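Visitor: Encoded as structure tokens, here's the structure I'll be asking about.
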Amino acid sequence: MQAERLAQRAVEAQLAVAIDVTFPAPPPRAGSLHPLRRTLEDACGYFERRGFAVLLGPEIETEYNSFDGLNIPADHPAREGLDSMYVGPGLLLRPHTSPMQIRAMRANPPPLAVVTPGKAYRRDAVDARHSYMFHQIEGLLVAPGIHMGHLKGMLTGMCRELFGANQSVRFRPSFFPFTEPSAEVDTTCPGCAGRGVRDNAQTCRTCGGSGWIELGGSGMVHPNVLRDAGYDPEHVTGWAFGVGIERIAMVRHDIDDIRVFFENDPVVLAQLA
Ligand SMILES: [Zn+2]
């Protein structure tokens, strides 16, 4: 009997050590938004607060919405770099988010204020700067009296939301078939505050020393695009822009290789959370 009690106590003593119900539980491992998703939501949130609707569109698009409706006819040289990834006759993985401009205008009379975020696909070899799949956010504002001043103001606000309060935006003349006039959009490099050199006196690797980073394209919607979508270019004007989300996220997190976003290494993503 005595031996039994001793054995019982020995077991209880072991259990008391093995299971300490007062010991604090390990903290739960909370996940976080992927840096691309967060950048996309930050950009969309900026426009939503200014009255823009967020529209999502199909990733398989018609040739018409991808090209012809955007003033890029079959023989246009601008089509060459985009005309790929076909999944059936007249259907392709959209090479940009611009087809949603056509869908939005055909479905809604002016005035129209929309942003259309999402994935786009191109026949690009994967390297530090390119991927066959990437994210864009496209903006479109059409109403009477809209001009490029509105566009510059809105993009400056977006850059200040995404990068910091002291951002500036500059336009460089460019060409896109679906806008006239067209402009490339640059913003002050947040890595060096636009100086071109880092605090350690090294040339800034984010902007290559120029003090500016390129975000994407923009311009006033071409009258042909408005007309084809059923709008009257004599009564309404509009601007549109498209910027790459990976590009913005790379600058925000000071990353120089786009593949970091797609490898999904939890150790790396935790540092970007
Ligand atoms: Zn820089």
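Visitor: Keeping the other protein chains in place, figure out the carbon and sulfur percent of the accessible area of segment 1-140, with a 1.4 Å probe.
Guide: 59 percent
Visitor: Which value, in debye to the nearest 20, describes the size of the charge dipole of segment 96-143 about its Cα centre when Lys and Arg Cβ atoms bear +1, Asp and Glu Cβ atoms bear -1, and nothing else is charged?
Guide: Magnitude of the dipole: close to 120 debye.
Visitor: Nearest 20 debye, what's the magnitude of the dipole of segment 24-91 about its Cα centre given +1 on Lys and Arg Cβ and -1 on Asp and Glu Cβ?
Guide: Taking the Cα centre of segment 24-91 as origin, the dipole is about 620 debye.
Visitor: Now for a separate question. Mind checking which of GLY88, ASN71, CYS44 is farthest towards the positive end of segment 22-93's charge dipole, using Cβ charges of +1 (Lys, Arg) and -1 (Asp, Glu) about the Cα centre?
Guide: Toward the positive end, the furthest listed residue is CYS44.
Visitor: Explain nothing, just the number: dipole magnitude of the chain about its Cα centre with +1 on each Lys and Arg Cβ and -1 on each Asp and Glu Cβ, in debye rounded to the nearest 20.
Guide: Roughly 600 debye, rounded to the nearest 20.
Visitor: Moving to a separate point now. Give, in nm to one decimal, the length gained when the segment between ASP68 and ASP127 is fully stretched (0.36 nm per residue of separation minus the Cα-Cα distance).
Guide: Answer, rounded to one decimal: 18.2 nm.
Visitor: Still on this structure: With r defined as the distance between the Cβ atoms of ALA193 and GLU80 and R0 fixed at 51 Å, what FRET efficiency is calculated, to the nearest 0.05?
Guide: Efficiency for this residue pair is about 0.85.
Visitor: I've got another one for you. If you roll a 1.4 Å probe over the heavy atoms of the protein chains, what accessible area per residue do you get for the chain, in Å²?
Guide: 53 Å²
Visitor: In the neighborhood of VAL169, defined by Cβ-to-Cβ distances under 10 Å, what is the net charge if each Lys or Arg adds +1 and each Asp or Glu adds -1?
Guide: Net local charge, VAL169 excluded: +2.
Visitor: Could you pull out every Cys in the chain that lacks a partner Cys with its beta carbon under 4.7 Å away?
Guide: CYS44, CYS159, each lacking another Cys Cβ under 4.7 Å.
Visitor: Sticking with the crude label model, points 7 Å out along Cα→Cβ, report the distance from HIS34 to ASN108 in nm, one decimal please.
Guide: 2.7 nm
Visitor: Can you order the peptides 56-63, 91-98 by their average number of other Cβ atoms within 10 Å per residue, highest first?
Guide: 91-98, 56-63
Visitor: Can you give the helix-only mean residue ellipticity at 222 nm for the chain, where every DSSP H stretch with n ≥ 4 adds -39500 (n - 2.57) and the sum goes over all residues, rounded to the nearest 500 deg cm²/dmol?
Guide: After summing the helix terms and dividing by residue count, I get -9000 deg cm²/dmol.
Visitor: Distance in nm between label sites at LEU91 and HIS147, each 7 Å beyond Cα in the beta-carbon direction?
Guide: Label-label distance for LEU91 and HIS147, simple model: 4.5 nm.
Visitor: Give me the extension gain from ASP257 to ARG5: residue separation times 0.36 nm, minus the current Cα-Cα distance, reported in nm with one decimal.
Guide: 84.0 nm
The values are calculated or read from the model by the stated rules, or taken from the named source; none is laboratory data. The shown structure was predicted, so the numbers you read here are calculated from the model rather than taken from an experiment. No Cβ is skipped: glycine too gets one built from the backbone with ideal geometry, and neighbour counts run over all protein chains shown. For the accessible areas, the whole protein counts, side chains as well, though only heavy atoms, and no ligand, DNA or RNA atoms are used. Shrake-Rupley method; radii C 1.70, N 1.55, O 1.52, S 1.80 Å.
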